[in-house]
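J.: Mind having a look at this structure? Questions to follow.
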Amino acid sequence: MDPENGLSPKNTIGIDVYNPPPLHWTSLLVLAYQSCGVVYGDLSTSPLYVYKGTFSGSLHQFLGEEAVVFGVFSVVFWTVTLIPLLKYVFIVLSADDNGEGGTFALYSLLVRHAKFSLMPNQQGADEELSAYYRPGYKTEDTPMLRALRNFLEKHRKSRTCLLVMVLFGASLVIGDGVLTPAMSVLSSFSGLQVHSSALTHGEVVLLSCIVLVCLFTLQHWGTRRVAFLFAPVVVLWLLLLAALGVYNIVVWNPRILRALSPYYVVSFFQRTGKEGWISLGGVLLSMTGTEAMYADLGHFTAASIRIAFVGLIYPCLVLQYMGQAAFLSKSPNCNIHFIFFESIPRPTFWPVLVIATLAAIVGSQAVISATFSIVRQCTALGCFPRVKIIYSPEINWILMLVCLGVTVGFRDTTLIGHAYGMACAGVMVVTTLLMALVMVFVWQQGFLLGTMFLLAFGSVESVYLSAALMKVPQGGWLPLALSLVIVAVMYVWHYGSRRRHMFDVQNKVSLKWLHALGPSPSLGIVRVPGIGLIYSELATGVPAIFSHFVTNLPAFHQVLVFVCVKAVPIPHVRCYERHLIGRIGPREFRMYRCVVRHGYKDVPGDDNDFENDLVVRIADRPFDLSRTGLLMRAPLPFPEDSAVVRAATAATSATSTADSSKTETIQSLQTMYEPESPGFAIRRCIRFEIDDVSSESMDPAVKEELSALVEAKHAGVAYIMGHSYIKARKSSSLFKKLAIDVAYTFLRKNCRGPAVALNIPHISLIEVGMIYYV
């Protein structure tokens with residue numbers, strides 16, 4: 001309950017749709033099978049380039065030594081075992097946020113349980129959401145935990161650093177949407193040069209670019225029609241990798257099985273020294289795509305992803321890496337740049353090439369879709385400019401252009417691999433740091449266990465990160481540059497949005513001023529028929545745009561509803577908890593407040609029936625209208641023949657007057673805009689009436705309020721929004737002026753407006769211009 005506005009959810013349902021019962025084992029296996037195509041497409045293509053990236057540098061001089069080759073495989077094996085298997089599959093997958101995973105899932109857990117949020121507009125009522133806290137969570141106040149929590153909560157800079165770290169991790173994942181397609185597709189097509197020496201490298205790059213253009217174009221047309229092929233392609237590819245690995249082990253060097261011992265890891269670094277450490281930048285590529293296991297958790301279940309990895313992905317990859325190492329140990333003079341295609345039997349070349357290309361496309365598609373998901377989460381949490389949700393043409397074409405630029409500019413998978421490894425290492429380190437905090441604050445497992453997790457996995461990943469940093473001049477700079485640009489965009493948008501919200505809070509109108517307007521016309525101000533929806537980002541108080549509107553146009557609607565659409569740090573808000581409805585002032589004022597809450601995985605503005613739903617919720621009984629005496633009728637093929645329309649028209653003279661006063665111009669405008677606003681015609685045709693039977697026993701004040709509500713709804717609904725211009729004060733610093741006046745203004749001009757993002761019909765929109773000096 002919000003103590004200031006008396007807002008509370010209007011209903012509760014005893015069904016927990018976000019914590020379903022355990023799946024039957026057959027359903028679990030089906031999910032595990034499907035996850036192969038969505039989750040593991042990127043990870044499964046790593047054998048195309050891991051050994052090439054490892055031996056491409058100074059380690060190439062040791063290629064003829066069997067012990068070194070065995071050592072490289074041992075390092076790859078234990079890397080895949082420690083990080084993807086132990087860390088992600090058995091630990092990180094357990095840190096789901098109501099079934100969702102990814103960097104923002106960890107951050108939202110910390111925001112809710114440790115109060116680390118920098119998001120404005122949060123209310124105490126948000127903590128009453130059923131999905132807000134983990135089941136069984138209780139605040140513990142051990143001295144160490146209390147001191148750490150107080151430090152992070154009181155020091156704003158520490159929370160800002162945490163947010164920047166999360167944004168950096170998210171930007172690296174977005175960078176993967178550029179690097180993965182370029183790396184995977186170019187690596188698969190490079191095999192053509194093994195079969196045809198006449199094919200130049202430039203022609204391979206051209207073919208890769210053509211496939212990349214088709215891949216990103218596919219995003220525009222949608223991938224659902226071909227998504228059912230993803231899992232079979234990846235499963236077939238993995239089984240092929242396992243078969244080729246077993247073949248190479250048997251044919252070339254069965255003694256490679258000895259390299260499963262960690263002894264070969266120690267001997268490898270003893271023999272190679274600094275060169276072995278630098279080569280870890282190539283070994284790092286064996287973990288690319290691991291973060292997708294956690295990021296795509298919302299599409300499947302942790303159990304299904306675990307089954308797929310342990311039962312299929314892990315053994316197939318290990319067999320393939322082992323087989324390539326067995327081939328390398330007996331073929332030191334092979335072309336390391338095409339090691340994968342060199343190691344396969346020649347009769348199987350074309351089938352393997354085709355399946356490898358399809359697997360690369362599937363892996364790239366999965367990462368691109370994950371990029372859209374990350375952008376959506378950033379947008380919902382106010383850290384990214386508003387773009388189209390689900391599929392964003394702006395983001396898609398930008399990704400395509402950058403991806404083509406990387407492919408044509410680098411032209412070499414070795415250089416792209418350096419950038420790819422840098423992004424992979426950065427994301428893993430960010431996940432480890434956040435996971436340690438989740439263990440302490442959310443799981444409440446103690447400071448010692450969180451520290452042990454951080455030291456155990458953080459130290460290993462830091463070694464890989466340090467090796468990747470050595471490759472910064474040779475391509476590793478690209479993900480850093482991309483991340484800095486993306487983080488700058490995210491932080492400027494977040495900073496500007498936060499300053500704008502602070503201005504609204506500081507300049508909001510008091511409720512005393514609003515109540516002074518009274519329920520009836522006064523001081524030259526008139527109330528016109530209809531419902532006025534005043535949109536703002538304030539969950540409490542009256543926005544300044546309303547007073548600005550009344551000052552310039554001394555009239556407002558018969559029924560006023562102050563609407564606030566805001567994001568809360570949970571993935572999904574249940575339908576019955578989404579709206580907080582409250583009355584502002586006495587009943588006769590006909591003023592209400594509606595707070596619409598969305599999770600970071602929800603799609604704001606996706607409700608085409610918001611107007612009617614709002615009327616129902618104000619009537620206070622959204623799931624049983626008959627109890628209030630308010631009836632809703634769906635539109636008929638000929639709405640003018642509806643008995644409800646005739647009854648409402650006969651009962652309410654104001655409605656009749658309002659309808660008859662509509663000019664032909666307004667009616668033609670409605671006809672023109674209805675096709676542009678999905679659901680607008682249906683919303684306008686649905687009618688409400690008061691049941692005569694129920695009204696006899698109804699309280700007169702309630703009946704009068706419902707009558708006014710129905711009358712206003714039939715007269716029409718207007719959406720009033722602020723069209724603000726943000727300016728930095730003259731006394732502001734140069735940095736703030738550049739951030740607000742240049743960067744933030746540019747982003748606002750080139751992103752989707754709030755009216756478009758919320759699916760507000762143009763014909764009903766009124767925009768109020770204001771200048772914000774922040």
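J.: Considering each of Leu415, Leu353 in turn, give the residue that is open to solvent by less than 20 Å² (accessible area, probe 1.4 Å) and either touching a residue at least 24 places away in the same chain (Cβ under 8 Å) or among the β-branched types (Val, Ile, Thr) (or both).
T.: On inspection, the qualifying residue turns out to be Leu353.
J.: Restricting to segment 295-337, what's the tally of residues that are open to solvent by less than 10 Å² (accessible area, probe 1.4 Å) and among the hydroxyl-bearing types (Ser, Thr, Tyr)?
T.: Result for segment 295-337: 2.
J.: With respect to the numbered conditions (1) outside any helix (DSSP H, G or I); (2) open to solvent by less than 10 Å² (accessible area, probe 1.4 Å), which one is the sole condition not fulfilled by Gln444?
T.: Here Gln444 clears every test but (2).
J.: If you don't mind, there's one more thing I want to ask. As an exercise: evaluate Phe562 against (1) in contact with a Pro (Cβ under 8 Å, 6 or more places away or on another chain); (2) more than 19 Å from Leu758 (Cα to Cα); (3) not β-branched (Val, Ile, Thr) and give the number of the one condition it does not meet.
T.: (2)
J.: Now, a different point. Test Ser286 against the criterion of being under 21 Å from Pro254 (Cβ atoms) and in the same structural domain as Ser208 (by the TED database), and give yes or no.
T.: Details: under 21 Å from Pro254 (Cβ atoms): no; in the same structural domain as Ser208 (by the TED database): yes.
For Ser286, the condition - under 21 Å from Pro254 (Cβ atoms) and in the same structural domain as Ser208 (by the TED database) - is not met.
J.: From Gln193, Gln270, which residue is in contact with a His (Cβ under 8 Å, 6 or more places away or on another chain) and either hydrophobic (A, V, I, L, M, F, W, C) or open to solvent by 30 Å² or more (accessible area, probe 1.4 Å) (or both)? Walk me through it before giving the result.
T.: Working: Gln270 fails: in contact with a His (Cβ under 8 Å, 6 or more places away or on another chain).
The unique qualifying residue is Gln193.
J.: Can you name the condition, by its number, that Ala243 falls short on among (1) free of Cβ contacts under 8 Å to residues at least 24 places away in the same chain; (2) under 18 Å from Phe340 (Cβ atoms); (3) open to solvent by 70 Å² or more (accessible area, probe 1.4 Å)?
T.: (3)
J.: Go through (1) at pLDDT below 85; (2) of a type in the set (A, V, I, L, M, F, W, C); (3) open to solvent by 60 Å² or more (accessible area, probe 1.4 Å) and name the single condition Leu7 misses.
T.: Looking at each condition in turn, Leu7 falls short on (3).
J.: May I pose another question? Just the residues that are assigned to a loop (DSSP other than H, G, I, E, B) and either crowded, with 21+ Cβ neighbours inside 10 Å or in contact (Cβ under 8 Å) with a residue 60 or more places away in the chain (or both), please, taken from segment 95-115.
T.: Kept after step one, since they are assigned to a loop (DSSP other than H, G, I, E, B), are these residues of segment 95-115: 95-96, 98-99, 101-102, 115.
Ala95, Asp96, Asn98, Gly99, Gly101, Gly102 - these are the residues of segment 95-115 that are assigned to a loop (DSSP other than H, G, I, E, B) and either crowded, with 21+ Cβ neighbours inside 10 Å or in contact (Cβ under 8 Å) with a residue 60 or more places away in the chain (or both).
J.: Here is a check on your reading of the model: is Ala259 within 20 Å of Pro47 (Cα to Cα), aliphatic (A, V, I, L, M), in contact with a Ser or Thr (Cβ under 6 Å, 6 or more places away or on another chain) and in the same structural domain as Arg346 (by the TED database)? Step through it out loud before you land on a result.
T.: Working: within 20 Å of Pro47 (Cα to Cα): yes; aliphatic (A, V, I, L, M): yes; in contact with a Ser or Thr (Cβ under 6 Å, 6 or more places away or on another chain): yes; in the same structural domain as Arg346 (by the TED database): yes.
Considered against the rule, which asks whether it is within 20 Å of Pro47 (Cα to Cα), aliphatic (A, V, I, L, M), in contact with a Ser or Thr (Cβ under 6 Å, 6 or more places away or on another chain) and in the same structural domain as Arg346 (by the TED database), Ala259 comes out as yes.
J.: To continue, here is another question. Restrict the check to segment 511-532 and report whether at least one residue is in contact (Cβ under 8 Å) with a residue 60 or more places away in the chain and within 30 Å of the chain's Cα centre (by Cα).
T.: No - not one qualifying residue is present in segment 511-532.
For every residue, the table says whether it meets (1) in a helix (DSSP H, G or I); (2) more than 21 Å from the chain's Cα centre (by Cα); (3) buried (at least 21 other Cβ atoms within 10 Å of the Cβ).
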position	(1), (2), (3)
Arg386	no, no, no
Leu434	yes, no, yes
Leu448	yes, yes, no
Ser459	yes, yes, no
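J.: Another question, if that's okay. Would you check if there is a residue in segment 536-547 being in contact (Cβ under 8 Å) with a residue 24 or more places away in the chain, surrounded by fewer than 17 Cβ atoms within 10 Å (Cβ to Cβ) and part of a strand (DSSP E or B)?
T.: The answer is no, given that none of the residues of segment 536-547 is in contact (Cβ under 8 Å) with a residue 24 or more places away in the chain, surrounded by fewer than 17 Cβ atoms within 10 Å (Cβ to Cβ) and part of a strand (DSSP E or B).
J.: While we're on this one: Scan segment 176-206 for residues that are closer than 17 Å to Trp350 by Cβ, of a type outside the set (S, T, N, Q) and more than 32 Å from the chain's Cα centre (by Cα) and jot them down.
T.: Those that are closer than 17 Å to Trp350 by Cβ, of a type outside the set (S, T, N, Q) and more than 32 Å from the chain's Cα centre (by Cα): Gly191, Leu192, Val194, His195, Ala198, Leu199, Val204.
The values are calculated or read from the model by the stated rules, or taken from the named source; none is laboratory data. Everything quoted here is computed from the prediction, not taken from an experiment. Note: ideal-geometry Cβ built from the backbone for every residue, glycine included; neighbour counts use all protein chains shown. When the accessible area is computed, the model is the full protein with side chains, heavy atoms only, and any ligands, DNA or RNA have been set aside. Shrake-Rupley method; radii C 1.70, N 1.55, O 1.52, S 1.80 Å.
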